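Structure first, then comments.
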Amino acid sequence: MTGSPRTLAIRAGRLFDGERAVGPGMVLVQGGLITGIDTSGAPPPADSLIHDFGDGVTVMPGLIDCHVHLSLDASPQAMANVAIEDDDALLRRMELASTRALHAGITTVRDLGDRRFLSLRLRDHLAQNSIAAPRIVAAGPPLTTRGGHLAVMGGEAEGADELKAAVHMRAMRGCEVVKVMASGGATTSGSRPHDAQYGQKDLHLIVDQASEHGLSTAAHVHALTSIVDALEAGFDSLEHVTFFTAEGVASDQRLIEQISQSGTFVSLTIGSVPNSGKPPPAIAQRLEQIRANAARLCSAGAKIVLGTDAGLSPGKPHNVLPYALEALVDLGMPPDRALHAVTAVAADACGLHGLKGRLAPGAEADLIAISGDPLKEISAVHNVVAVYRDGHLVVDRRLKTETSMTA
Ligand SMILES: [Zn+2]
């Protein structure tokens, strides 16, 4: 082997670099990495391979869903199924789920709760067999109390010794994030979202242990008290953030401002496939107030990302993220900020700063091409015509065929 790999020049009428619109222009890719962005109108380097998407297309970093469950099958019985299915059957389904996400332009997913570390097995399986799939950032089974929310996934741990051991095991296995069910949840019978599962002392211990092992932390927090405790404990991301109380939903502008000033990532679980059934009653009754708080978090300048909970129910298949983006814009966020949230900000939330979520030299070339202009009309994110993973074209719905130009 001699020489360096050939440069791929991806051209489009618009580029979104993870922060703002640039272009028309060209993304240069070599060896799976972005080597340059050219908006000068100069011709591509000699001997490049050219993928020209034309003027009507936007090229941008691949989308990032910060909260999915590849092991949940998005059926009405998702929770029951994950409890009974054997590992091999579950793995096959997880592979399909990851492919489904990829085809919607989702090139990174953060799996915040699998059963028995199957997302790590999936990650190895995909890599060994060169199967195109999103980059998977994995938590393994979420830490939960005995019989607590999502205990079916096998992550029960209580008390300092068990919690320490649980974090240690996740680090040894190769997880990148520790997920904690700080409060109860709406989809586990007997669990109440407005109740805390862990107190502040336990949450502090989990954050300390995780940071000792170089792992990031994500806290599932519906309960108002759990939001306060997880924020105080220093979790990297807060999931759902619905402000549940026994009576309904709290409206606490001071806490919203505290969250926003803390720099903690706020992972909003909004959006679902239209006409896909109702959310659980506890959520449905509170939906308008949950949305109002989410809008307040957005306008207060919180570091918003999207975590769809894909897999949880029929409204949340593994390709649901584009709908969540529309929901975010519905809350009042301008399209460019919403696209920033699911690219550059989301990459940071996943511990992939500089690697994902931006069109920038040195970043991995996970890119999507969208027909239309999602910066003007966010619904264009449903029209993904091509997906690149590490510089490889893995989904191609173009009408034109690629051209090759020699010098
Ligand atoms: Zn979840």
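Annotations
- Separation of the Glu232 and Ala300 label points, Cα + 7 Å toward Cβ, nm: 1.7
- Relative contact order %, the chain, counting alpha carbon pairs below 8 Å whose residues are six or more apart: 21
- Global form of region 133-207, assessed from the alpha-carbon gyration tensor, a/c cut-off 1.5: oblate
- Using alpha-carbon coordinates, inclination of helix 87-103 to the longest axis of the chain, degrees: 50
- Residues whose amide H falls under 5 Å from that of Val385, counting only those 5 or more places apart or on a different chain, are Ala369, Ile370, Ser371, with hydrogens built in the peptide plane.
- Pairwise FRET efficiency - Arg337 versus Asp86, Cβ, R0 = 60 Å, nearest 0.05: 0.85
- Net lengthening on full extension, Arg146/Ala360 (0.36 nm per residue, minus Cα-Cα): 72.5 nm
- Couplings for region 27-41, taken from phi via the Karplus curve 6.51 cos²θ - 1.76 cosθ + 1.60 with θ = phi - 60°, read 9, 9, 10, 8, x, x, 10, 6, 10, x, 10, 10, 10, 7, x Hz in order; Gly and Pro are left as x.
- Under 5 Å, built H, 5+ apart or other chain: amide partners of Val57: Gly13, Arg14, Gly372
- Note on Gln77 and Arg116: the model spin-label points, each 7 Å out from Cα along the C-beta direction, lie 2.0 nm apart.
- 20 Å tail of the calculated P(r), region 56-182, as % of Cα pairs: 44
- In the frame of its principal axes, region 153-256 has Cα extents of 41, 31, 20 Å, reported largest first.
- Hull-based mean projected area of region 227-269, where the convex hull spans the alpha carbons, in square nanometres: 3.0
- Evaluated over region 197-280, the Cα radius of gyration and Dmax, each in Å: 14.1, 45
- Figure legend: label point modelled 7 angstrom from the Cα of His392 along Cα→Cβ; residues of region 118-145 with amide N under 16 Å from it are 123-136.
- In order along region 4-14, phi translates into HN-Hα couplings of 9, x, 5, 7, 9, 10, 9, 10, 7, x, 9 Hz, rounded to whole numbers, per the Karplus curve 6.51 cos²θ - 1.76 cosθ + 1.60 with θ = phi - 60° and x for Gly and Pro.
- Among 286-297, 143-154, the peptide with the highest mean count of other Cβ atoms within 10 Å heads the list, and the full ranking is 143-154, 286-297.
- Most to least packed among 304-317, 172-185 [average Cβ atoms within 10 Å]: 304-317, 172-185
- The calculated FRET efficiency for the pair Arg173 and Ser276, based on their C-beta separation and a Förster distance of 22 Å, comes to about 0.05.
- With all pairs of separate Cα atoms included, region 1-102 yields a Kirkwood hydrodynamic radius of 16.8 Å.
- The chain: proportion of alpha-carbon pairs further apart than 31 angstrom, %: 36
- Packing-based ranking, highest mean first, of 77-84, 228-235 given that Cβ atoms within 10 Å are counted: 228-235, 77-84
- Region 251-402 shape via C-alpha gyration tensor axes, a/c threshold 1.5: oblate
- Net charge of Cβ neighbours under 13 Å - reference Ala223; Lys, Arg +1; Asp, Glu -1: -3
- If the segment from Ile50 to Arg254 were pulled out straight at 0.36 nm per residue, it would be longer than the present Cα-Cα gap by 68.2 nm.
- Helix-only arithmetic for the chain: the sum of -39500 (n - 2.57) across DSSP H runs with n ≥ 4, divided by the residue total, places the mean residue ellipticity at 222 nm at -8500 deg cm²/dmol.
- Extension reserve of the His204-Asn383 stretch, reckoned as 0.36 nm per residue once the Cα distance is removed: 60.1 nm
- Charge sum, other residues only, whose C-beta stays under 12 Å from Gly332's C-beta, Lys/Arg counted +1 and Asp/Glu -1: +2
- Near Leu238, once Lys and Arg are set to +1 and Asp and Glu to -1 for all other residues with Cβ below 11 Å from its Cβ, the sum equals -2.
- Cα-based equivalent ellipsoid of region 235-293: semi-axis lengths in Å, sorted from largest, via gyration tensor: 23, 15, 9
- Check: the chain dipole with +1 on Lys, Arg Cβ and -1 on Asp, Glu Cβ, in debye: 500
- Evaluated on region 1-53, the Kirkwood hydrodynamic radius is 11.5 Å, with distances taken between all distinct Cα atoms.
- Other-chain or far-sequence residues with amide H under 5 Å of His51's (modelled H): Ala9, Ile10, Arg11
Coordinate-derived values only; no laboratory data. Keep in mind that what you see is a predicted model, and the values were worked out from it rather than measured. Neighbour counts run over all protein chains shown; Cβ positions are idealised from the backbone, glycine included.
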